[in-house]
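First up is the structure itself, then whatever we jot down about it.
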């Protein structure tokens, strides 16, 4: 990130030089080469063979679509801050162009421009990556707010106070995601996406109650599950159970730290087998094993069912076929 910011800084300064751009290019050439080499090495080491990256690969064509979803649905507070930052950035860039050299700027303007490059680069990469989570944005929150603070120092002190109050008020009102836009159906019970607010706590509490029920009343029953319920039921250290349940079947890639059998839908399971389904990203991902969503043409006995907004969590048992 710093190498990219450094290269952009020098490149912008060369562009601002106008008639003297060749002199500055010659002066900066060793630094530009060093920066570009670092960037290329980072990309090669980070991404490697894109054929091995599958669903987590960089998708350039879907970048802007992803950014729209990430901002409006997952990160609306950061979106509001980003609008403030963009407005201030336009004014700051006008000042930069008038100075004709980045190295003649004041320390405040230099820091502002570096923060702008850092924040802009982060959001572009955040949009291009196909598996960006709300928690990743914690990295850029403080740089964004520092930029806003540095570039809203105007004579009207009351107006300055209004900007942070807008962000704070919006954040407090939506602390539980009350007015946030609807998540995609396959993410309604995905903790990694519910972390956009305190919504994830409701999901966590419901999962704890479900695991406690399975441990106390269905300890010896075969249970078919996917991540993360497979870990919840076999790792007491996570706090969901006090003792690992012994008959867990994985309907997805299994783990090595617990005795878990592989679930094969073609093989008949015992009649008392329980199945766990939730509207989360891992159940919807077809390459992560078969979905455990109850089929419409089958009969089931519901053991537990809870709902958070439109996101269902179900523990069910298949009724024996006649």
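The values are calculated or read from the model by the stated rules, or taken from the named source; none is laboratory data. Predicted model only: the values in this text are computed from it and were never measured. Here the Cβ is made from the backbone with ideal geometry for all residues, glycine too, and neighbour counts use every protein chain on show.
Could you tell me how many of the residues in region 192-232 are farther than 12 Å from residue 248 by Cβ and either in contact with a strand residue (DSSP E or B) (Cβ under 6 Å, 6 or more places away or on another chain) or assigned to a helix (DSSP H, G or I) (or both)?
19
Determine the pairs where a residue that is at positive phi, located within region 176-190, has a partner that is at pLDDT 75 or above with Cβ atoms under 6 Å apart, the partner being 6 or more residues away or on another chain.
Once the first residue is at positive phi and sits in region 176-190, its partners that are at pLDDT 75 or above give 177/197; 177/199.
Out of the helices (runs of 4 or more DSSP H) lying entirely within region 1-96, which hold 1 or more residues that are at pLDDT 70 or above and out of contact with any strand residue (DSSP E or B) (no Cβ under 7 Å at 6 or more places or on another chain)?
Of the helices (runs of 4 or more DSSP H) lying wholly inside region 1-96, those with at least 1 residues that are at pLDDT 70 or above and out of contact with any strand residue (DSSP E or B) (no Cβ under 7 Å at 6 or more places or on another chain) span 2-16, 21-47.
Would you point out the residue of region 109-148, among those that are under 22 Å from residue 163 (Cβ atoms) and without any contact (Cβ under 8 Å) to a residue 12 or more places away in the chain, that is surrounded by the most Cβ atoms within 10 Å (Cβ to Cβ)?
By that ranking, first place goes to 120.
Specify which of the listed residues (243, 305, 247, 301) is in contact with a strand residue (DSSP E or B) (Cβ under 6 Å, 6 or more places away or on another chain) and under 19 Å from residue 207 (Cα atoms).
305
Scanning for something farther than 22 Å from residue 202 by Cβ, at pLDDT 85 or above and touching a strand residue (DSSP E or B) at 6+ places or on another chain (Cβ under 8 Å), does region 279-298 turn up at least one residue?
no
Looking at region 189-216, which of its residues are surrounded by fewer than 16 Cβ atoms within 10 Å (Cβ to Cβ) and within 15 Å of residue 275 (Cα to Cα)?
Listed by number, the list holds a single entry, 213.
Going by the conditions given, is residue 258 surrounded by fewer than 18 Cβ atoms within 10 Å (Cβ to Cβ) and closer than 22 Å to residue 217 by Cα?
So residue 258 passes the test.
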